[in-house]
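Quick note: the coordinates plus some simple rules give every number you see, no bench work behind them. Computed from a predicted model, the values in this text were never measured in an experiment. Reconstructed Cβ throughout: ideal geometry from the backbone, glycine too, with neighbour counts over all protein chains shown.
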Amino acid sequence: MRRYLWTMLDSNEGFVVREGTPDDVPAVHRLIVELAIYERAEKEVTNSVEQLLADGFGPHAIYRLFVAEHEGEVVGMALWYEKYSTWKGRCGFLEDLVVRKDMRGKGMGKALFLAVAKACAEADYGRMEWQVLNWNEPAIGFYKSLGAELDPEWLNGKLTRAGLSALSEGR
C-alpha cells in the first residue's frame, strides 16, 4: 500500500508526493540522468537501476525516497538519507531533488522538499542539509524562497573510486 504524503490538485494539474517503491526506481534513474545532463556531468553517472534497488530497498537500505507522481507517472523525486553531525547529532541529507523539466513550476519541487523536511522534523533531526551548484540560479532562488540558508564558507571535498583506491594502495 502506498503512503501518500502530499496531494496537490488545482484547475490544471494534479499530483501526489508519496514514498518511493522498488517499481519507481527505473523512473528515478532516468531523473538522475536528466539531472546529470543539466549539471553537465552525464558521464559521471555510474549508478544503475540494480544498484539503486539494492541500496534503497535491499536488506541494508541506506537511502529514502519520495516521488512526485502525475497521472500515474513518476515525474519527480527526492532521494535522501540520514547522516551524523558531531555538533548536531542525527541529520537528514537531501542528496538530490529533481522534477522533470516539462513538469517544473507546478509545486512538485516544493512538495518534495517539504516531504523531506517533514520527515526530518518528525525524526527530530538536528538539521537538514543539501548542496546546490553555485551556478544553478533557479535552484538557489528556489531554496532561498523557502527560507534556506546557503553557506558560502564551506567547500565540498570528495575522493572518487579511483582516488580512494590510489590512496588506500599508497599511490
Problem - Where only C-alpha atoms are counted, convex hull volume of region 4-168 per residue in Å³ - result: 149
Fill in the blank from the handout: Taking r as the C-beta separation of GLU153 and ARG104 and R0 as 22 Å, the FRET efficiency to the nearest 0.05 is 0.15
Exercise for the section: Order by neighbour count: LYS158, LYS101, LYS106, fewest other Cβ atoms within 10 Å first, most last. Expected result: LYS158, LYS101, LYS106
Problem - Net length gained if the chain between GLN51 and ASN134 were fully extended (0.36 nm per residue, minus Cα distance) - result: 27.0 nm
Exercise for the section: Provide TRP80, TRP135 in ascending order of the number of other Cβ atoms located within 10 Å of each residue's Cβ, fewest first. Expected result: TRP135, TRP80
Exercise for the section: Calculate, in nm to one decimal, what ARG171 and LYS144 gain on full extension: separation in residues at 0.36 nm each, minus their alpha carbon distance. Expected result: 5.5 nm
Handout entry: Lysine pairs with alpha-carbon atoms under 19 Å apart, the chain, spacing 8 or more or separate chains
Key = 9
Exercise for the section: Compute the separation of the alpha-carbon centres of region 113-171 and region 49-105 and state it in Å as a whole number. Expected result: 13
Fill in the blank from the handout: Exposure-ranked with fewest Cβ neighbours within 10 Å first, MET128, MET103 stand as MET103, MET128
Exercise for the section: Grab the other residues whose beta carbon is less than 14 angstrom from that of LEU112, score K and R as +1, D and E as -1, and report the net. Expected result: +2
